[in-house]
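The values are calculated or read from the model by the stated rules, or taken from the named source; none is laboratory data. None of these values were measured; they are calculated from a predicted model. Cβ sites come from the backbone with ideal geometry, for glycine too, and all protein chains shown count toward neighbours. In case anyone asks, the SASA skips ligands and DNA or RNA and just uses the protein heavy atoms, side chains included. Shrake-Rupley method; radii C 1.70, N 1.55, O 1.52, S 1.80 Å.
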Amino acid sequence: MAGKVDLKVVLLGKEYGGKTSLVERYIHGKFNAQAPYQSTIGAAFGAKKVTVNGESVTLGIWDTAGSERYESMSRIYYRGAKSAIVCFDLTDPSSFERAKFWVNELKQTEEDCVIYLCGTKYDLVEDNKKARKVDASSAKEYADEISAKYVETSAKTGYNIDYLFMMIAEDFVNVTRNKVQANKDEDSSVALRLEQPPMNREKCKC
Amino acid sequence: MATKEKVKTDDEELSVQAPDLSYDLLEEEDSEEFESVEAPALADEDEDRSFLPVTKKKGRESSSSPRIAQRRKKLDKGGGGGAGLEGGGSDVSLHEDIAHLTTDEDHFRNEDGLRSDMLISLGGPNQSIGASLLSTMTVGEKPKLPDADPETAELARRARMNSTSKDEREFEDEDVHSSSWINHHKHIFIVSTSGKPIYSRYGKEEQLVSLFGIMQALVSFVADDKDVLRCISAQNLKIVFLQKPLVVFVAVSRSKLSENQLKLQLSYAYYQIISVLTYTQIKQIFERSPGFDLRYLLQGSEKFIDNILNITDSDPCYLLNGIRCLSMSPSLRQTITSTILQYRAKEVLFALLIAEDRLITFIKPKDHNLHPIDIHLIFNLVMASTSFKSAESWTPICLPKFNDSGFLHAYVSYLPENSPACLLLFSTDKEKFFELQQCKERIVDKLSKLGLLEQISNSVDTSDYNIDHLQAPEIRHFLYRSRKSYSITSPTMPHLYSSEEDRLRLFDYFMTMNQRLHSHAWATKILYHIGSKEALLGWRTSNFDLYVVFDPLISKAQAILLGNKLIRWINKEEDRLIITSTPTF
């Protein structure tokens, strides 16, 4: 897949937060529940082409290592990223704190990066409310505060995975288009990010 | 040395007139005997020559890394031949390496009768500390060290190792007071010089805090006298210490490995940590806060340490300082190599193509070298991790022998079509992912056009070979190491050795012979050993090391005849069996 990448997407978050599974599910459409946990070393790269409104967009997805050992090196992975998926594990409150760290990091260094806050392992909390350690409303609240979108996903069931990446691609296309539009209109105000009502949204019980 | 066997060492031909034994060392337990045919104490040939050349001038012992050799030289200055062993019919078992609490100044020989108890060469206080370390090892158990068949425990461990997934640390939760914990064949501990636990091969470090404290106390007690603690021997237990700046590595072993071999194994653990963190980073961290818990940074990489210890316990290549090569048609190897060379991006520092733990080919710049230990760490990275199979990776890795102060960045990707071959391109620049990605695409395109992708996969599938065509059924197995290229080849293990027990015995034999052939104090050129289950020939020349396993009933004359036949065949097939030269750019 060496080729032009239109949109650099980076996944950040605490280790064991399900980033690799998320990417694996999206790119290869598979989830292996039997596979033992495998920590990512450095970062893995995957690319996928999607079509938004007849326009083809290549997503270059960087799945980074969550381990703090690589923290100082993460910058090389998120530099220039147009979108970032900051993941946390819905069953692990410390991962939510870690997500906040990454958000701050991004806000400071990559102002133009659009952030998507993503609660992972939804399948674990879907039927078992007790397992949920990060509650949806406070996550949503935090997302609003940082003007990010909030999604809960499950790589196991595939829930909201395609939706998440499609949303990222659509936002990107819309933003670029808006920018073009904005340049035409010589309107330098902040580009409106028109949000289409998400199709899957109502399915989400959060 | 009354030997009647004449050995022309350099033209690699052995001749035997009368197999009159000369220099016997008897191992009392099983009356096995080793005969060394040539006079000992020959200076080892210079191993510095090219291919995987080492960056520094090596010490004499080719079996260990230069750094260790250097260190050992230093250590040996005070006490004479550190790991020497007197032969000539003493009851010292061949593979044992002396040194009961051997320190720089105090050097103890393993004298008759002294093996039944722990020997302490320094004064009283040491003795009590040493004893307490030993008794801690048996905490909650009978005071006597359990010698309950460690071999069986080791076999069970290896069996478990094969059956469980690589990625779970299977012994992490083991109860450190259980007898199974105590009976492990080989414990490995890593502790910072300030006494903070860093790693334990078995059990949780938190549960072993007092044990770590004792290790640290032992080391610093001896250090107070401006001395270095190297080894404590007690009965069948060897406790070996490897001291690196700021970190101490400890092996508590019931295996037959010598002190130096255990040190080399500990060095692998050390280099593995460096490869994850770099030496510079460790130094900075500990200088800033000596009490830092390094486990915090090593999180997730313990499995790499586990894995390198498991491999060095079972694959002889690692401690023999050689790289296992994939046997393949020389023309195919040649084409692959030249393709990689031709399409190499200027950002590429090293490029390797490997299939699991076997090297297919690699290229390097003229002025830089890749040490076998670095290649082993690369093998370990790829083998201990399955995540490379699913995506292209951009991975920071420090190759300690190349440069222990910083990371190289490796583009890691398996060849397409589910190929078992994995391509690694190294760059010093962390920004060059896409350049290396394109470089790989170009290489793959070309290989694909030439129809070589399939051929590579086939070669990996068919690389195992046997030596049936030699029509020498007495030869069961061999291991050949080119001293010029550090390449190793050996045929498929015969069915006779399908049990772990047999493999373990063979592994121990190889290690023992290696020790005999290379330890400079009494190095021999040819060894012949008759055991109860097999006979072995060890042969060292300036060009190669050869270890051959024979049927036990073979005569020595016949073994030498077959050894010659085998080496002629290997020489003829060398280009196919191993990598004989490294292309540079």
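Would a scan of region B:391-399 turn up a residue that is open to solvent by 10 Å² or more (accessible area, probe 1.4 Å) and either modelled with pLDDT of 90 or more or in a strand (DSSP E or B) (or both)?
yes
Tell me, yes or no, whether region B:450-467 has at least one residue that is surrounded by fewer than 17 Cβ atoms within 10 Å (Cβ to Cβ) and either within 14 Å of chain A (Cβ to nearest Cβ) or of a type in the set (Lys, Arg) (or both). No, region B:450-467 has no match at all. Beta carbons closer than 7 Å, at least 6 apart along the sequence or on distinct chains, pair a first residue in region B:313-333 that is on the phi > 0 side of the Ramachandran plot with a second that is in a helix (DSSP H, G or I) for B:Asn321/B:Pro372.
Restricting to region A:59-70, name every residue that is over 15 Å from the mean Cα position of the chain (by Cα) and either charged (D, E, K, R) or not in a loop (DSSP other than H, G, I, E, B) (or both).
Within region A:59-70, the first condition is being over 15 Å from the mean Cα position of the chain (by Cα), and the residues that meet it are A:67-70.
A:Glu68, A:Arg69, A:Tyr70, listed by residue number.
In region B:259-326, counting only helices (runs of 4 or more DSSP H) that sit wholly within it, none holds 3 or more residues that are closer than 20 Å to B:Arg505 by Cα, within 14 Å of chain A (Cβ to nearest Cβ) and over 12 Å from the mean Cα position of the chain (by Cα).
Of everything in region B:487-540 that is over 21 Å from the mean Cα position of the chain (by Cα) and small (Gly, Ala, Ser), the residue that is farthest from B:Pro372 (Cα to Cα) is B:Ser532.
Taking the stated definitions as given, is B:Val276 β-branched (Val, Ile, Thr), outside the structural domain of B:Ala410 (by TED's automatic domain parsing) and at pLDDT 95 or above? For B:Val276, the condition - β-branched (Val, Ile, Thr), outside the structural domain of B:Ala410 (by TED's automatic domain parsing) and at pLDDT 95 or above - is not met. Looking only at region B:234-258, residues that are touching an Asp or Glu at 6+ places or on another chain (Cβ under 8 Å) and part of a strand (DSSP E or B) come to 3 in all.
Remark: pairs (first residue in region B:430-441, within 19 Å of A:Met73 (Cα to Cα) and facing chain A (nearest Cβ under 8 Å); second residue in a helix (DSSP H, G or I) and at pLDDT below 90; Cβ separation under 9 Å; 6+ apart in sequence or on different chains) = B:Lys430/A:Met73; B:Lys430/A:Ile76; B:Glu431/A:Ile76; B:Phe433/A:Ile76. Checking each residue in region A:112-133 for being under 22 Å from A:Thr176 (Cβ atoms) and surrounded by fewer than 16 Cβ atoms within 10 Å (Cβ to Cβ) picks out only A:Asp112. Assess whether B:Ser233 counts as being farther than 21 Å from B:Ile305 by Cα, modelled with pLDDT of 80 or more and loosely packed, with under 14 Cβ neighbours inside 10 Å. No: the conditions fail for B:Ser233. Scanning region A:21-39 for residues that are more than 7 Å from chain B (Cβ to nearest Cβ), polar (S, T, N, Q) and without any contact (Cβ under 8 Å) to a residue 60 or more places away in the chain gives A:Asn32, A:Gln34.
So that you can scan it fast, the table gives a plain yes or no per residue for (1) open to solvent by less than 50 Å² (accessible area, probe 1.4 Å); (2) more than 14 Å from chain B (Cβ to nearest Cβ); (3) in a helix (DSSP H, G or I):
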{"site": "A:Ser72", "(1), (2), (3)": "no, no, yes"}
{"site": "A:Ala81", "(1), (2), (3)": "yes, no, no"}
{"site": "A:Cys87", "(1), (2), (3)": "yes, yes, no"}
{"site": "A:Ala99", "(1), (2), (3)": "yes, yes, yes"}
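All conditions but one from (1) within 23 Å of B:Arg358 (Cα to Cα); (2) part of a helix (DSSP H, G or I); (3) open to solvent by 50 Å² or more (accessible area, probe 1.4 Å); (4) within 14 Å of another protein chain (Cβ to nearest Cβ) apply to B:Asn418; the one that does not is (2). Yes or no: region B:183-206 includes at least one residue that is assigned to a helix (DSSP H, G or I), without any contact (Cβ under 8 Å) to a residue 60 or more places away in the chain, among the polar types (S, T, N, Q) and more than 14 Å from every other protein chain (Cβ to nearest Cβ). No, the conditions are met nowhere in region B:183-206. With respect to B:Leu155, is the statement that it is modelled with pLDDT under 80, assigned to a helix (DSSP H, G or I), surrounded by fewer than 20 Cβ atoms within 10 Å (Cβ to Cβ) and in the same structural domain as B:Arg254 (by TED's automatic domain parsing) true? When the stated conditions are applied, B:Leu155 passes them.
With respect to (1) more than 14 Å from chain B (Cβ to nearest Cβ); (2) among the β-branched types (Val, Ile, Thr); (3) open to solvent by less than 10 Å² (accessible area, probe 1.4 Å), the lone exception for A:Thr109 is condition (3).
B:Thr582 meets each of the listed conditions (1) part of a loop (DSSP other than H, G, I, E, B); (2) farther than 30 Å from B:Ile363 by Cα; (3) touching a residue at least 24 places away in the same chain (Cβ under 8 Å) apart from (2). Apart from one condition, B:His495 fits all of (1) under 27 Å from B:Asn260 (Cβ atoms); (2) surrounded by fewer than 20 Cβ atoms within 10 Å (Cβ to Cβ); the exception is (1). In region A:40-66, the qualifying residues are those that are open to solvent by 20 Å² or more (accessible area, probe 1.4 Å) and in contact (Cβ under 8 Å) with a residue 40 or more places away in the chain, and the one that is farthest from the other protein chains (Cβ to nearest Cβ) is A:Asn53.
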